[in-house]
Amino acid sequence: MAEAAKPSGRDGGRTLLAVEGLQIELERRAQPPAPIARNVSLRVDEGEIVGLIGESGSGKTVTAKSLIGLLPDRIRVAAGRAMYRGRDLFALTPQQMRAVRGAEISLIPQDALHALNPVQVIGRQVGEPVEVHTNRPAADIRDLVVRLLERVRTPDPRARAGDYPHQFSGGMQQRALTAMALSMEPPLILADEPTTALDVTIQAEIIALIRDLRAQTGASFLFISHDLGLVSSLCDRIYVMYAGEIVESGARDGIFGRPRHPYTHALMGAAPRLLGNPERLSTIPGRIPQPSEEMAGCRFRDRCPRVESRCAAPPALREVAEGHAVRCWLA
Amino acid sequence: MTILRRVNWRRYGLVVATLPAVLLVFLASAFAPVISPYDPYALDVLVMLEGPSAGHLLGTDELGRDILSRVIQASRTSIVVGLVAVLIGASGGTLIGMLAAWFGGAVDAVLMRFMDIVFCFPAILLAVILMANLGTSVLNAMLAIGIIFIPGFARLTRAVAQTVQRQPFLEAAICLGVPGRRIVTREILPNVIGPVLVEAAVAFSYAVLLESALSFLGLGAQPPEPSWGNMINTGRGFIDQAPWISLAPGAALFLTVFSFNLLGDGLRDVLDPKLRG
Amino acid sequence: MLRLVLGRLASFVPTLFVASVVLFLAVNVVPGSAARSALGIQATPQALKRFEHQHGLDRPLAVQYVEWAGKALQGDFGTSFQNAVAVGPEVRKRIPVTLQLAGMAFLVAIAIAVPLGLIAGFRHQTGTDGVLTTLATLFGSTPNFWFATLLIYFFSLRLGWLPTGGYTPYLEDPVANLQGMLLPCIALGVVSSGLLIRIMRTAVIEVTFSNFIETARSKGVSNVRLVTAHVVRNALIPFFTVSAVEFGFLVGSVVIIEEVFRIPGIGSLVLVGIINRDYPVLLAAAMSITVIVLVVNLIVDLAAQLIDPRQVQVAR
C-alpha cells in the first residue's frame, strides 16, 4: 500500500487513484469491439476534487463506472490499470470489488428520483452501505443516518428518514443520495452528474454542499459533468474528455485561464450560465463521433474550427506547461 | 408503417421451429379421411380396449374404434372451432376496439367498461353457461368461445389504435380534414393487424383448449362425433385398464396448444413488442 | 388509506351490478328454454305455460332480474326447479370448499411462479431464461382436465398414494382433507403458474433495468440482498395486479377440476345446474363464482397498492 501513496500533485497531496492506459470496449456481434474509452489516464489526489467533463457520449460516465465494476452488459475493460491504494481495481475479484464499493469508493448517481428504490424508506437506503459493510447494530445505524441527513442539511432528519423517495423533492433526493455515498466515509466519491436533473438554485446548493463535505471529511471527489460552469467553481483539476479520449487536462486556473484545446474553447463558449444545461452542446457544430466510427487523426477534426492538414495524423497528449497537457497539434 | 419493416429477423427462430408442428396439425385435419388408417366411427367388438399394436398404433377404445383415426378426425373439430371462434372474436373485438378508440369519450367509456367486466368473468364459466343456453353443439361452441374472445381483442385493438392516433402526423391529418374512413383503413388498421395476429395465434390455442374442455364436460361435440375433449372424458372411465384412450387425444391436444402458444411467442418476438398495448 | 379502500369499494358496486346483469342475460338468453329443458321435449304447451307462470318466467326479463337481484342481495336465491329445495343454503355450504381449493391452488401457482420467474428474469436472454420461458408456455398449454386425469392415473391408481377424488371437510379430518386436495391443487396450480412465471419474469426484468438497482450495487450490496431488498418487492407490485386476472381463470377452471375429482363445490354445482337445466341453481352458483373473482380482484388490487407506497400516499 505504502509504495503507491507517494507524494505528488500540486498541493503536495498524495495520489489516491491513478488510472493508466484505460481502454474500455463495447463488444459487438460479428464485429471487432468498439472502443469507448481510449488510453485514458487520470489521477485523483487525496482531498482533491477532480472534474471529468465532456458531452454525453464522450465516455466520461463509463470511465467512472469502470472503476467500481458497474459497466453494463457487453461493455468491458480491455486494457489498463486503476491503482487505488496499492491495488489494481480492475484485477479485483467480484467479492473484493463488492467490499470496495460503497466502503472505499462510493457513487453519487445522477437522476435522483430513479436512483432511489421507490418502495424503501430513505433512511434504510442511506444506511444500507453501513448495513452491508459492517456489523453495527440497527439502532446505531439509525442514529448515523439521522446525523448523515443532518449533515446534508435535510430538515427534520429523524422524521424524514421514514419517508419514501417520492415524498422528497428533487434536491432533497439528491442530498439523500449524497448522504448515502458518505455513510462509510469513503476516501473517494464518484459524483456522476449529480445536479443534472435539478434547477439552477438547487444545483448551486449541491455544489456548495460537496465543497463543504470535502473540507469536513477530506474525501476526494471525481466529479463528472458536461457543465463547465459548475466544474469551474468546484474542481481543483480538470480532465476534458472527447470521444473516448482525454483531450486536455490541468489545474483549474490553467484550463480556465488559458484553454489550449479548441474543444475546451468551444465548451467554454457553450457553457450555459443561466439557462439550464442542454446535454448537447449546440454551439459546436456537428456531433460527437460514435465509438464505432474509426477516424484517422484527431477525433475532433470534423468539428474543429481551426482544423489544419496535420490534424490528419493523431495528436499525442503532451505537456505544454507544468501539469497542463493537451492533445492538439496547435497547442 | 408496414408490418414487414417492424420484423426483427434475427428472432425468427421460434416461429420457424414451431411451423412444422403447426403445419402437421393443419395437414392432418385437412387430409383426415386420407391418412386415417380406419374409419373413426367403425366399431369392432373383437378389438375392444386393446393397447397400442402394429394394427392399431394408438390402441382401440371401449367400442373397438381405432384411436389414431379418431384423434385425427377430432383434430378437424378442434381446428374448425378454433378458426371460427378466433375469427368471431378478432373481427368483433377489432371493430369494438377501433370504434372505442376513434370516437373516444362516452362511447369509449361505455364500450370498454362493458368489455372490462366481461373480461373479468372466468372464460370457461361464461362458455359453459352460454353453451347451456345455446344448446350443446359444435356450432354453438364456436359461437360461445368467439364471444368470449371479443373483450381481449377489443382491449388490444383500442390500445394500439390510440397509440397510432396520437402520432403527430395523424393528428395533423385529422385536423386537415382527411376523411376518417381513409385514416382508419390506411393508417390505423395496418398497424392493428400485427398485434391482432399475435393475439390470434394465442387465442386459437386457447379456443382449442376451451372447445376440448366443453366437450370434456359433455357440452361440446356430442358422441359419436370424436373430439379430443370427449375422448379424454370417455377414457377416464377405462383409465385403469386402458389409459391410452385418454392419453392419446390429450397428448394431441397438449401438443397443438403448446405449439400454437410457442408460435404466438415467436410472433410476438418478431413483431415489435412495443406495439402491444 | 381509508379513502383508498372506499374508492375501490365504490367502483366495486357498479361492477358487481353489470356483472350480475351480464350473467342473468347469459342464463336467460334464449327465452322459454328454461321450461322446455325442465319439462322435456314432449311437454305440452299448456304444461310449459303453467311452468313459466308458476316460476314467473312469463314476465319481462327486467322485472325478473329486479326480483331475482333483490332477493339475492338478502341471500335468497330462490328454489331449485328440480326439487324445490332452497338454493341459498346449498350454495353457502359449497363456497368454503371451492375457496379452499382455489386458494390453495393459487398458492401452489405462486410458489412455482415467483422463484422461477425471478430466475428467468435475472438470467434474461440466457439459456436458463429460454428453458424457463418454454417451461412456462408448456405449463400454460397443459389442458388441466387431462393433466388431472394423468395425475389420478399415476398417483392414485398406479402408486396408490392419494385418493382418486372426493372431499373430506377439514374440520372432520384435516389429513384426509389435505390428501384429497393435493392433486386438484397441483392440477390447477401448475397450469396457472405458466402465465404467472411470465408475468414475474417481465416484472423482474423491468426492475433490474431500473437505476436504483445500480445504486444498490454501487453500495456493495450482495446479489442475494439485491434480490431480497430491492428487486422482489418492486417486482411483486405489477405481479400481484396481473395475477388477479389469472386467479379469475383459475376459479373458472374449478368447474372442470371439481367434476374430475368429484369435489362438492360451487363449480360442480354449476354443472348440476346446467345438466338439470335448473336455472336458479345455475344462476346462484355462477354468481357466487363471479363474486369470488371480483372480491379477490379487489383484495389483490388493494394489496398491490398497499405494498406500493406511492399509491398509498396519493390516497392519504
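How many angstrom lie between the Cα centre of the range A:170-192 and the Cα centre of the range B:97-144?
If you average the Cα positions of each part, the centres end up 54 Å apart.
Give the residue from A:246, A:225, A:159 lying farthest towards the positive end of the charge dipole for chain A; charges sit on Cβ (+1 for Lys and Arg, -1 for Asp and Glu) and the dipole is referred to the Cα centre.
It is A:246, whose Cα lies furthest towards the positive end.
How high is the FRET efficiency from residue C:25 to residue C:306, r the C-beta distance, R0 35 Å, rounded to 0.05?
0.50
Say each of residue A:215 and residue A:142 gets a label point 7 Å from the Cα, pointing the same way as Cα to Cβ; how far apart are those two points in nm?
The two pseudo-label positions are separated by 3.4 nm.
For the range B:63-275, what is the accessible area per residue in Å², given a 1.4 Å probe and the full set of protein chains?
Per-residue accessible area for the range B:63-275 comes out at 36 Å².
Please list C:273-279, B:259-265 highest first by mean number of surrounding beta-carbon atoms within 10 Å per residue.
Numbers: C:273-279: 21.6, B:259-265: 23.3.
Put in order of decreasing packing, that is B:259-265, C:273-279.
Kindly point out which whole DSSP H helices in chain B project their C-alpha atoms 20 angstrom or further along the helix axis while averaging a Kyte-Doolittle hydropathy of 0.5 or above.
Numbers: long enough: B:13-30 (26 Å, 2.35); B:67-103 (53 Å, 1.52); B:105-120 (22 Å, 1.53); B:138-165 (39 Å, 1.26); B:189-216 (38 Å, 1.47); B:244-270 (38 Å, 1.06).
Once both thresholds are applied, what remains is B:13-30, B:67-103, B:105-120, B:138-165, B:189-216, B:244-270.
Which of C:225, C:94, C:123 ends up with the largest GNM mean-square fluctuation for chain C, with Cα atoms connected below 10 Å?
The residue that fluctuates most here is C:225.
Around residue A:172, under 12 Å between beta carbons, what's the net of Lys plus Arg minus Asp minus Glu among the other residues? List each step's numbers first, then the result.
Values: positive: A:153, A:160, A:175; negative: A:156, A:163, A:205.
Here the charged neighbours net out to 0.
Please compute the modelled spin-label separation between residue B:175 and residue A:166, points set 7 Å along Cα→Cβ, answer in nm with one decimal.
A separation of 3.3 nm, rounded to one decimal place.
Would you mind working out the magnitude of the charge dipole of the range A:111-185 relative to its Cα centre, with +1 at each Lys and Arg C-beta and -1 at each Asp and Glu C-beta, to the nearest 20 Debye?
On the way: 9 positive and 9 negative charges, 32 e Å.
Its charge dipole is roughly 160 debye.
How big is the A/C interface in buried accessible area, both sides summed, 1.4 Å probe, to the nearest 100 Å²?
In total, chains A and C hide about 2300 Å² from solvent.
With r defined as the distance between the Cβ atoms of residue C:17 and residue C:295 and R0 fixed at 25 Å, what FRET efficiency is calculated, to the nearest 0.05? Present the calculation step by step, with values, prior to reporting the outcome.
On the way: r = 15 Å, r/R0 = 0.59.
The pair residue C:17/residue C:295 has a calculated efficiency of 0.95.
What residue among C:246, C:258, C:172 shows peak mean-square fluctuation when chain C is described by a Gaussian network model with Cα springs under 10 Å?
C:172
Just give the residues from the range C:228-260 buried by at least 10 square angstrom of accessible area in the all-chains context relative to the isolated chain, probe 1.4 Å, and say none if nothing qualifies.
Flagged in the range C:228-260: C:229, C:230, C:233, C:234, C:245, C:248, C:249, C:252, C:255, C:256, C:259, C:260.
State in Å² the accessible area per residue of the range C:210-271; use a 1.4 Å probe, count heavy atoms of protein chains only, and round to the nearest integer.
Normalised by residue count, the accessible surface of the range C:210-271 is 27 Å².
Return the FRET efficiency for the residue pair residue C:224, residue C:46: r is the Cβ-Cβ distance, R0 is 60 Å, and the value is rounded to the nearest 0.05.
Plugging the Cβ-Cβ distance into 1/(1 + (r/R0)^6) gives 0.20.
With the solvent-accessible surface defined on protein heavy atoms using a 1.4 Å probe, which residues belonging to the range B:106-124 display a reduction of at least 50 Å² in accessible area in the multichain context relative to the isolated chain?
B:117, B:120, B:121, B:122, B:124
Considering only the protein assembly as shown, what is the antiparallel percent among its DSSP beta bridges, to the nearest 5?
65
Cα convex hull of the protein assembly as shown: how many Å³ per residue? Spell out each step's value before the answer.
Values: hull volume 208.9 nm³, N = 924.
Looking at the protein assembly as shown, the number lands at 226 Å³ per residue.
Expressed as a whole percentage, what fraction of the accessible surface of the protein assembly as shown belongs to carbon and sulfur atoms when a 1.4 Å probe is rolled over the protein heavy atoms?
62
Return the distance in nm (one decimal) between the two label points of a simple spin-label model at residue A:20 and residue A:295, each offset 7 Å from Cα along Cα→Cβ.
Computed distance between label sites residue A:20 and residue A:295 equals 2.9 nm.
In whole Å, how far is the Cα centre of the range B:149-178 from that of the range A:207-263?
50
Treating the beta-carbon of each Lys and Arg as +1 and of each Asp and Glu as -1, no other charges, what is the dipole magnitude of the protein assembly as shown about its Cα centre, to the nearest 20 debye? Mind dumping the intermediate values first?
Values: 81 positive and 71 negative charges, 364 e Å.
Taking the Cα centre of the protein assembly as shown as origin, the dipole is about 1740 debye.
With an 8 Å Cα cut-off and a minimum separation of 6 or more residues, compute the relative contact order for chain C in percent.
The normalised contact order for chain C reaches 26 percent.
Cα centroids of the range C:161-226 and the range A:118-156: how far apart, whole angstrom?
Here the two parts' Cα centres lie 33 Å apart.
Please compute, for peptide C:143-155, the average count of beta-carbon atoms on other protein chains lying within 10 Å of each residue's beta-carbon.
Mean inter-chain Cβ contacts per residue within 10 Å come to 6.
Select from C:96, A:117, A:321 the residue farthest towards the positive end of the dipole of the protein assembly as shown; place +1 on Cβ of Lys and Arg, -1 on Cβ of Asp and Glu, and compute about the Cα centre.
The one lying farthest along the dipole's positive direction is A:321.
If I fit a long axis through the Cα atoms of helix C:279-306 and take the longest principal axis of the Cα atoms of chain C, what angle between them do I get, 0 to 90°, rounded to 10?
20
Across the residues of B:216-224, average count of Cβ atoms on other protein chains within 10 Å?
Averaged over the peptide's residues, the number is 3.
Provide a whole-number value for the mean count of partner chain Cβ atoms within 10 Å of the Cβ atoms in peptide C:11-24. Spell out each step's value before the answer.
Working: counts 0, 0, 0, 2, 4, 1, 1, 6, 4, 0, 1, 6, 4, 0.
Mean number of neighbouring Cβ atoms from other chains: 2.
Grab the DSSP H runs of the protein assembly as shown that are 4 residues or longer, score each as -39,500 (n - 2.57), total them, divide by all residues and round the 222 nm result to the nearest 500 deg cm²/dmol.
Computed ellipticity for the protein assembly as shown at 222 nm equals -18500 deg cm²/dmol.
What's the magnitude of the charge dipole for the range A:121-238 around its Cα centre, counting Lys and Arg as +1 and Asp and Glu as -1 at the beta-carbon? Answer in Debye, nearest 20.
On the way: 12 positive and 15 negative charges, 52 e Å.
Rounded to the nearest 20 debye, it is 240 debye.
What does the accessible area per residue of the range C:37-154 come to in Å², with a 1.4 Å probe and no ligands, DNA or RNA counted? Kindly include the intermediate steps, with their values, before the conclusion.
Numbers: 6160 Å² over 118 residues.
With the other protein chains kept in place, the range C:37-154 gives 52 Å² per residue.
In whole percent, what relative contact order does the range A:126-182 give with Cα contacts below 8 Å and a gap of six or more residues?
So the answer I get is 42 percent.
Relative contact order for chain B: what is it in percent, counting Cα pairs under 8 Å that are at least 6 residues apart?
After rounding, I find 28 percent.
The values are calculated or read from the model by the stated rules, or taken from the named source; none is laboratory data. The structure displayed is predicted, hence computed values, not measured ones. Methodologically, a virtual Cβ is constructed for each residue, glycine included, from the backbone with ideal geometry; neighbour enumeration extends over all protein chains shown. When the accessible area is computed, the model is the full protein with side chains, heavy atoms only, and any ligands, DNA or RNA have been set aside. Shrake-Rupley method; radii C 1.70, N 1.55, O 1.52, S 1.80 Å.
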